[in-house]
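The values are calculated or read from the model by the stated rules, or taken from the named source; none is laboratory data. Remember, predicted model here, so these are calculated numbers, not experimental data. Here the Cβ is made from the backbone with ideal geometry for all residues, glycine too, and neighbour counts use every protein chain on show. Only protein heavy atoms, including side chains, enter the accessible area calculation; ligands, DNA and RNA are left aside. Shrake-Rupley method; radii C 1.70, N 1.55, O 1.52, S 1.80 Å.
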Amino acid sequence: MANTICDFCLEESKGLFHRHERLVSGHYICKKCRDVLETHQLPVKYDLFQTLLTADPSMRATLMDNHLQRNDATQCIAKFYPLPANLLHDGEQCINVTEATIKVNPSKLPASIAETRIANITKKDILNLEDYPDGFEIKGTLYETNAAIYFLSKHFINCHRLSHLIKNYPDPSIIYIMNGSHEFSYQVPHSDLFYLRDEFYHKILEKKDNKKQNLIYLSSENTMMITPGSYSVPRNIQPGVYWINPVKDGGIHFSNATGEPMESVGGRIQLDEGDMMEVTGEYEFRFKKKETSPKEEKVIIEDLPEE
């Protein structure tokens, strides 16, 4: 039997006793990727967040962008961000729900029972007990919505602004929030999935609101679709010679590392490290020249925006 490729991490199976499992969908999965999905309590199937968790981290943004190219934004919200069992305020959309714990000062714990429904929470219900390293570990549920982050426990409620969430916190087991000098460290099972869900949700909003998207879609091995945004080489795009075909000709401007304008010649551009481009339309970039008739080639060149 020939070796197979894991559709999640793209590693090839090795040896008779290291065969990849074939899923009902026809996709293959290795033991390592299956373990990741089971640890995160996700269904073992080929879907967006399963592939995001098991893919190389450098590919995650591209995978999200490709998914948004193929799927309607509203349908993505409905599929991946359904309303939770806990009723929210009007207009709130749930992004994350996860078990969490925080250590707080036991002397500040109230004896009363806290409100359990987010929709009923008002300012008077919020206590905001911060970190207390030698304190009691309190279990609760952490909710992230498009309006706030809530921690609901038996005796108290914390509520934070989304802007107070520190997304690059070095400890992967902590969701860390800082409000001035007040620190809140919520220990969660998997912060990586929390942040992936947060990132994809905001990409959906960008697409729905038709704002600056800064997205690159990989149409094939040597073709990219560039949408409005600012891009750098090699952060967004690898260096090389590209043939450019305008899809929605709204404008594209190139500059080198010193800020000097660059021009495309004959429908192609040489991009090197440090170069930048500002895009206000949509353009197809190809590593290899597209096979076209002379008439088609003329259209491609003439449709290029004026520099």
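Is there a quick way to get the dipole size of the chain? I mean about its Cα centre, with the Cβ of Lys and Arg at +1 and of Asp and Glu at -1; what is the value in debye to the nearest 20? Let's see the in-between values first.
On the way: 34 positive and 44 negative charges, 207 e Å.
So the magnitude is around 1000 debye.
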Unpartnered cysteines - no second Cys beta carbon under 4.7 Å - across the chain:
Cys9, Cys33, Cys76, Cys94, Cys159
Mean Cα-pair separation over length for the range 35-159, i.e. relative contact order, pairs under 8 Å, 6 or more apart, %
23 percent
Return the carbon/sulfur percentage of the accessible area of the chain, one whole number, probe 1.4 Å, all protein chains in place.
51 percent
What 222 nm value per residue comes from the helices of the chain, counting each DSSP H run with n ≥ 4 as -39,500 (n - 2.57) and dividing by all residues, nearest 500 deg cm²/dmol?
-6000 deg cm²/dmol
Cross-link list Lys203/Lys248; Lys124/Lys154; Lys167/Lys208; Lys79/Lys123; Lys79/Lys203; Lys124/Lys167: which exceed 26 angstrom alpha carbon to alpha carbon?
Lys79/Lys123; Lys124/Lys167
Taking a probe of 1.4 Å, how large is the accessible area per residue of the chain, in Å²?
57 Å²
With the contact rule set at Cα under 8 Å and sequence spacing of 6 or more, what percent relative contact order holds for the range 112-157?
48 percent
For the range 1-94, what is the relative contact order in percent, using Cα pairs closer than 8 Å and at least 6 residues apart in sequence?
18 percent
